[in-house]
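Contents: one structure, followed by commentary.
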Amino acid sequence: VTAKNQAADLLKVDKDEIIFTSGGTEGNNIAVKGIALEHQNRGKHIITSEIEHPSIYEACKSLEKLGFEITYLPVNEIGVVSVNDVKNAIREDTILISIMHVNNEIGTIQPVEEIAAIAKNHPKLFFNVDDVKGLGKVSLELMNSGIDLCTYSGHKIHGLKGTGMLYVNN
């Protein structure tokens, strides 16, 4: 209970919105596959970028085998996804957008706040952010942001390996 309260205070969210995981990979898998499988009756289209962490990319690849259609958006020469590309990729059957906040290899910061604002206009879809590399380095406001799910890993902030958390907006 204490750890959940501390995590919620750190993220400025409700303690009931925190799920502890074994790390970023498990959080990303729960977010992507959980939303896909739970809401597939509303649509089977997911939007992500071509440079996501393997835990997102491979989850999406596995969902393709189950009949989901994934749009893998390109990034520009500095590794940033276009907000307009995200907006234009949204379809009637889109149920999830998943974009990492800070890239784990090249360090680019994605415009997740702008994407979240677009996602808010589409109440049928969820927006997931992989913020494993951003926590404690690049601020990200979750409350009322349009971000529905957000993944963190303990060892990236000098915590124990094998620990993480998933924010799930109530």
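Note on the range 146-162: residues that are surrounded by 13 or more Cβ atoms within 10 Å (Cβ to Cβ) and either modelled with pLDDT of 95 or more or at positive phi (or both) total 6.
Residue by residue, here is whether (1) acidic (D, E); (2) part of a loop (DSSP other than H, G, I, E, B); (3) in contact with a strand residue (DSSP E or B) (Cβ under 9 Å, 6 or more places away or on another chain) holds:
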| site | (1), (2), (3) |
| --- | --- |
| E114 | yes, no, no |
| A117 | no, no, no |
| P123 | no, yes, no |
| K133 | no, yes, yes |
| G136 | no, yes, no |
| L142 | no, yes, yes |
| I147 | no, yes, yes |
| L160 | no, yes, no |
| N170 | no, yes, no |
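Taking the numbered list (1) assigned to a helix (DSSP H, G or I); (2) open to solvent by less than 10 Å² (accessible area, probe 1.4 Å); (3) β-branched (V, I, T); (4) within 19 Å of S153 (Cβ to Cβ) in turn, T25 passes all entries but (2). Exactly one residue out of I90, I115 is of a type outside the set (D, E), more than 14 Å from the chain's Cα centre (by Cα) and surrounded by 18 or more Cβ atoms within 10 Å (Cβ to Cβ), and it is I90. Every test in (1) free of Cβ contacts under 8 Å to residues at least 40 places away in the same chain; (2) under 12 Å from the mean Cα position of the chain (by Cα); (3) within 22 Å of Q40 (Cα to Cα) is passed by S98 save one, and that test is (1).
None of I47, I78 is open to solvent by 60 Å² or more (accessible area, probe 1.4 Å), of a type in the set (A, V, I, L, M, F, W, C) and either within 21 Å of L140 (Cβ to Cβ) or in a helix (DSSP H, G or I) (or both) except I78.
Yes/no per residue for (1) out of contact with any helix residue (DSSP H, G or I) (no Cβ under 8 Å at 6 or more places or on another chain); (2) at pLDDT below 95:
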site	(1), (2)
H101	no, no
Q110	yes, no
P123	yes, yes
K137	yes, yes
G164	no, yes
N170	no, yes
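Considered as a group, the residues in the range 50-73 that are assigned to a loop (DSSP other than H, G, I, E, B) and closer than 19 Å to I147 by Cα include one that is least open to solvent (accessible area, probe 1.4 Å), and that residue is E52.
Being aromatic (F, W, Y), within 17 Å of L166 (Cβ to Cβ) and within 18 Å of the chain's Cα centre (by Cα) is the requirement here; does F68 meet it? Against the criterion (aromatic (F, W, Y), within 17 Å of L166 (Cβ to Cβ) and within 18 Å of the chain's Cα centre (by Cα)), F68 does not qualify. Selection of the range 1-22 for residues being β-branched (V, I, T), open to solvent by 90 Å² or more (accessible area, probe 1.4 Å) and outside any loop (DSSP other than H, G, I, E, B) yields only T2. Whenever a residue of the range 25-46 is of a type in the set (D, E, K, R), its partners that are assigned to a helix (DSSP H, G or I), lying with C-beta atoms within less than 9 angstrom and at least six residues away or across chains, give the pairs E26/S55; K33/A59; K33/S62; K33/L63; K44/A36; K44/L63. Restricting attention to the range 118-143, report how many residues are open to solvent by 10 Å² or more (accessible area, probe 1.4 Å) and over 22 Å from H39 (Cα atoms). Qualifying residue count, the range 118-143: 10.
The values are calculated or read from the model by the stated rules, or taken from the named source; none is laboratory data. Worth saying up front: this structure is predicted, and the values here are computed from it rather than measured. Glycine gets a Cβ as well: all are built from the backbone with ideal geometry, and neighbour counts include every protein chain shown. Side chains are part of the model used for accessible areas, which takes the heavy atoms of the whole protein and leaves out ligands, DNA and RNA. Shrake-Rupley method; radii C 1.70, N 1.55, O 1.52, S 1.80 Å.
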